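One structure below.
The values are calculated or read from the model by the stated rules, or taken from the named source; none is laboratory data. As the structure is a computational prediction, the values presented were derived from the model and not from experiment. Virtual Cβ from ideal backbone geometry, glycine too; neighbours counted across all protein chains shown. SASA here: full protein model, heavy atoms, side chains in, ligands and nucleic acids out. Shrake-Rupley method; radii C 1.70, N 1.55, O 1.52, S 1.80 Å.
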Amino acid sequence: MKRLKTVFAAMAIVLISLLIIISYAPRNKASPKIDKNTVRVIKVGVVAENGLKKVDAEWEQKFRKSLKEVSKIYLKEFGIKLELTILIKTEKVPLPTLGYLLRAWLGLKKEKDEKLKNCDIVFYVSSLRCFQYLPSPNFLGDFYYESDLQYYIEQDLSTTAVVSKSSGKAWFFCGDPITAPFKNSGCLNYLIGHELGHLFGAKHTEKISIMQNHWYPPLTFDSENKKIILKNKFKKFN
């Protein structure tokens, strides 16, 4: 009987010790639920060429207005809010060469301009026409990079854009007087919203969606790209 009491006492001590250890052990906190009610503020930097005044004298007001419109859409759909932090005007924006994009992909490309270091994403707005940058006037439309390597080029009459997903940068070529987005606010909203979608991993689709690469569809999102953008909502850019 005495031995039995000793065994029970030992078992009780072990049990109490285990309970103490468990209570003090570090616990893995559950990952915060990512949904559209959790707002992420994206600090946006814009670097624009002075030559845009020749394309449209009111380009800046129009660009700011479109950013606000796109921000409303992304805030409603994903809880992503765009905040224009800085707008820099320069003679020439740096062009997205394959070398530049490859360095960005490898994490070797650092932003030289100190003014942009606190921006999450940067939009470069060029006064060039698409065929002044791309090798042929037939290369129109969306010049999209998957992991910053060429993915595909699709024919379209919209302004050409190049996207670097890893570094959070997009270049807009707005110099064509016929297809310049500043002539049509719907086009400009679509262009910014479309390329922003790419930065968060969205892909082209044939469904009715802002991710279509056709003439300015309604600013809505297809179900597949909604899931992708929401999943990448808190991605960090290089």
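Counting only strands (runs of 3 or more DSSP E) that sit completely within segment 144-188, those holding 3 or more residues that are of a type outside the set (Asp, Glu) and modelled with pLDDT of 70 or more correspond to 160-164, 169-173.
Conditions tested, residue by residue: (1) in contact (Cβ under 8 Å) with a residue 12 or more places away in the chain; (2) out of contact with any Pro (no Cβ under 8 Å at 6 or more places or on another chain).
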site	(1), (2)
Val39	yes, yes
Val44	yes, yes
Val55	yes, no
Lys62	yes, yes
Leu67	yes, yes
Lys72	no, yes
Leu82	yes, yes
Lys92	yes, yes
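Checking each residue in segment 46-74 for being closer than 19 Å to Lys169 by Cβ and among the hydrophobic types (A, V, I, L, M, F, W, C) picks out Val46, Val47, Ala48, Leu52, Phe63, Leu67, Val70.
When Phe221 is tested against (1) open to solvent by 50 Å² or more (accessible area, probe 1.4 Å); (2) aromatic (Phe, Trp, Tyr); (3) under 16 Å from Ile73 (Cα atoms); (4) modelled with pLDDT of 85 or more, exactly one condition is not met: (1). Selection within segment 79-93: residues that are more than 17 Å from Glu60 (Cβ to Cβ) and outside any strand (DSSP E or B). The member of this set that is least open to solvent (accessible area, probe 1.4 Å) is Gly79. Assess whether Val44 counts as being closer than 25 Å to Gly79 by Cα and at pLDDT 95 or above. Spelling it out, Val44 is indeed closer than 25 Å to Gly79 by Cα and at pLDDT 95 or above.
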